Amino acid sequence: MPPEEILERAAAAFDHLGQSKTLTLGQGSRIVASFRGVEPLSGDLFPADDRQLELATWMLMLIGETDKLLERYRGLGLPGQLKMAEVPLLQAAIKERYHEVIGGKPAKPLL
């Protein structure tokens, strides 16, 4: 997937993960799972900007860590139908990591 598309989709995903009052843990897990196996691709004809390629890579790392974090909360026995807004520490962690990556810092593991 082109880096620009990854950045666009990831920004929309994290906006939804961080802002939605009705999104459940199960739905959040499905959102991040849709990025599994995605890699930033750069074509020979239209090479990706190095900064976009790096940022797309960081966003994918962040999504992978968010996936692990959601699984960890689910592993604690929280039901998939629990609204993410009811787990403020989870939303705060997701927002903090997102702002770090958007600010140009590589994502560090959440766990």
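See the values below:
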| quantity | calculated |
| --- | --- |
| Computed FRET value (nearest 0.05) for Asp50 with Gln81, which takes r as the C-beta separation and R₀ as 41 Å | 0.45 |
| Segment Glu100-Ala12, length gained on full extension (0.36 nm per residue, minus Cα span) | 30.1 nm |
| Potential extension, Arg72-Met1 segment - 0.36 nm per residue separation minus Cα distance | 22.8 nm |
| Debye equation applied to the C-alpha atoms of segment 1-79, log10 I(q)/I(0) at 0.11, 0.22 Å⁻¹ | -0.32, -0.97 |
| List Leu7, Leu69, Leu76, ordered by accessible area with a 1.4 Å probe, largest first | Leu76, Leu7, Leu69 |
| Net length gained if the chain between Thr57 and Ala92 were fully extended (0.36 nm per residue, minus Cα distance) | 10.4 nm |
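The values are calculated or read from the model by the stated rules, or taken from the named source; none is laboratory data. Model, not experiment: these values are computed from the prediction. Using ideal geometry, Cβ is built from the backbone for each residue, glycine included, and neighbour counts are taken over all protein chains shown. The protein model used for the area step is the full one, side chains on, heavy atoms only, and it has no ligands, DNA or RNA in it. Shrake-Rupley method; radii C 1.70, N 1.55, O 1.52, S 1.80 Å.
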